[in-house]
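Everything on this sheet refers to the single structure shown next.
The values are calculated or read from the model by the stated rules, or taken from the named source; none is laboratory data. Source: prediction; values computed, not measured. FYI the Cβ positions are ideal-geometry reconstructions off the backbone, even for glycines, and counts take in every protein chain you see. The protein model used for the area step is the full one, side chains on, heavy atoms only, and it has no ligands, DNA or RNA in it. Shrake-Rupley method; radii C 1.70, N 1.55, O 1.52, S 1.80 Å.
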Amino acid sequence: MIKASDFGPKFTWGVAAAAVQIEGAASQYGKGPSIWDTFAAKSGKIKRNHKLDPACDFYHRYVEDIALVKLLGFKVFRFSIAWSRILPQGRGEVNQEGIRFYHNLIDECLTQGIIPYVTLYHWDLPQALEDEGGWTSFSINAVFNAFVSICALEYGDKVKNWIVLNEPFGYTSLGYMLGVHAPGKTGLSNFFPAVLHTALAQAEGGKILRAEVAKVNIGTTYSCSEILPYTQSDNDILAAKRVDCLMNRLFVEPAQGMGFPTADWDVLEKFQMEYGTWRLQDRMKFDFDFIGLQNYFPLTVKYNAFIPVIQAWEVKAKGRKKPHTAMGWEINADSFYNIVKQFASYPHVKNIMITENGAAYHDKLSNGNVVDAERIDYFKLYLAALLKAKNEGINITGYMAWTLMDNFEWAEGFNARFGLVYTDFHTLKRTIKYSGYWWQEFLKA
Ligand code: NOJ
């Protein structure tokens, strides 16, 4: 049986969340609309047409929610700042009420002895900026930098741990290539410029924090998945390599000063030539203090000539009769271990934190309890795999569970429950799940 103390006394244990998913008050207190407000209001974009607002109403209940973080025994709460709460138009006039809200939230964390880890961008671009092209537009970098500067100057005395971006591959691919997330754009002509400006933003955001916050600890996060070929055929192996370039290597390598992984996928070579990205290699480089990895599943892929561009196809866990969560995501802790090792092999990745990991299940509240034994098993497996990697010498310094409470799971709406705390979306009452109590015990030992 593993214990939290096996990870050492300095290991950071936390729980994570994001503004859109929990805050609510989407059009109150001076907040401008974000692309998620616009997207979620359109019919057919969110499962069962769930409405985003009031989500968990965290805006009004953060005091009790931070008390939950503390009660469960976590030392860190990771949350994000809604850009359009600070700058309703994305640039220009600052909304003092928004500024005050995050001061209050940060102060409450500190009062309750919880260390805030603040994410600057967790997918909620101000709609006003999207109207100018959003991440596809070259002008996005200057406005993002200005937003980072405002946050750094405003909160930098109290917040020392910062995360520049949350899962850049997540929002550029789902939002600008596949169109299933906000802002709902599609195609490579949107995806590639969004990738380029995002790669610049991650480095420039880091540089601004370094210049403006004393004794700062700067990270950024990446979604990551071990990519396994379905068979050992050359075609499947090459398909897996292409998907790896896209899903794992696309943003970490530019930050290392390596540019985009063009050598292993000719489509990226074309992208580099078309946008002249090689000229920007230095601007995309930044020496992060830590890299945040977010892992949920591995992917098994097969060559398929009919799939445009990537020519690869996912062979789903369910079809292969593999254990999976309610999202259909394969449960495979060995793949977690392998992908952590893959990222640790970059020379400049000197410190890894797991900034998200967790599982959704069909939780039911019955007699005031949520008995989510599967989620507990999931955490046990994944934590054991992480400890193995740590004990082999990888510098893994923290782990943050996803997520504090059931919340708005993007296009899945409120159906996908990832929380350690159950949210009743009618009454907004919070109930600690068995997995929450499991964490409480785990963190004591
Ligand atoms: C990644 C995202 O950062 C988070 O917002 C999301 O809810 C989880 N993964 C689960 O899908």
Verdict on Ile376 being within 26 Å of Ile66 (Cα to Cα), away from the ligand (no atom under 15 Å from the Cβ), open to solvent by 10 Å² or more (accessible area, probe 1.4 Å) and among the β-branched types (Val, Ile, Thr) = yes
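Does region 40-59 include one or more residues that are open to solvent by less than 10 Å² (accessible area, probe 1.4 Å), within 26 Å of Phe414 (Cα to Cα), within 16 Å of the ligand (Cβ to nearest atom) and not aliphatic (A, V, I, L, M)?
yes
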query = Restricting attention to region 336-358, and to residues there that are of a type in the set (S, T, N, Q) and open to solvent by 10 Å² or more (accessible area, probe 1.4 Å), which single residue is farthest from the ligand (Cβ to nearest atom)?
reply = Ser345
query = Listed residues Phe271, Phe251; which is surrounded by 17 or more Cβ atoms within 10 Å (Cβ to Cβ), within 26 Å of Asn351 (Cα to Cα) and either in contact (Cβ under 8 Å) with a residue 24 or more places away in the chain or not basic (Lys, Arg) (or both)?
reply = Phe251
Long-range neighbours under 8 Å by Cβ, at least six apart or interchain, first residue touching a residue at least 24 places away in the same chain (Cβ under 8 Å) within region 148-162, second among the acidic types (Asp, Glu) = Val148/Glu204; Ser149/Glu212; Ala152/Glu212; Leu153/Glu212; Gly156/Glu212; Lys158/Asp107
task = Can you work out which of the residues in region 324-347 that are out of contact with any Lys or Arg (no Cβ under 9 Å at 6 or more places or on another chain) and of a type in the set (Phe, Trp, Tyr) is farthest from Tyr378 (Cα to Cα)?
result = Tyr346
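Yes/no matrix, rows are residues, columns are (1) of a type in the set (Lys, Arg); (2) within 17 Å of the chain's Cα centre (by Cα):
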residue: Thr136; (1), (2): no, no
residue: Ile163; (1), (2): no, yes
residue: Phe169; (1), (2): no, yes
residue: Thr172; (1), (2): no, yes
residue: Lys185; (1), (2): yes, no
residue: Gln202; (1), (2): no, yes
residue: Met247; (1), (2): no, yes
ask   = Is one or more of the residues making up region 384-396 within 15 Å of the ligand (Cβ to nearest atom) and either more than 23 Å from Phe79 (Cα to Cα) or free of Cβ contacts under 8 Å to residues at least 60 places away in the same chain (or both)?
value = no
remark   = So the helices (runs of 4 or more DSSP H) completely within region 63-172 holding 2 or more residues that are at pLDDT 95 or above and small (Gly, Ala, Ser) are 140-155
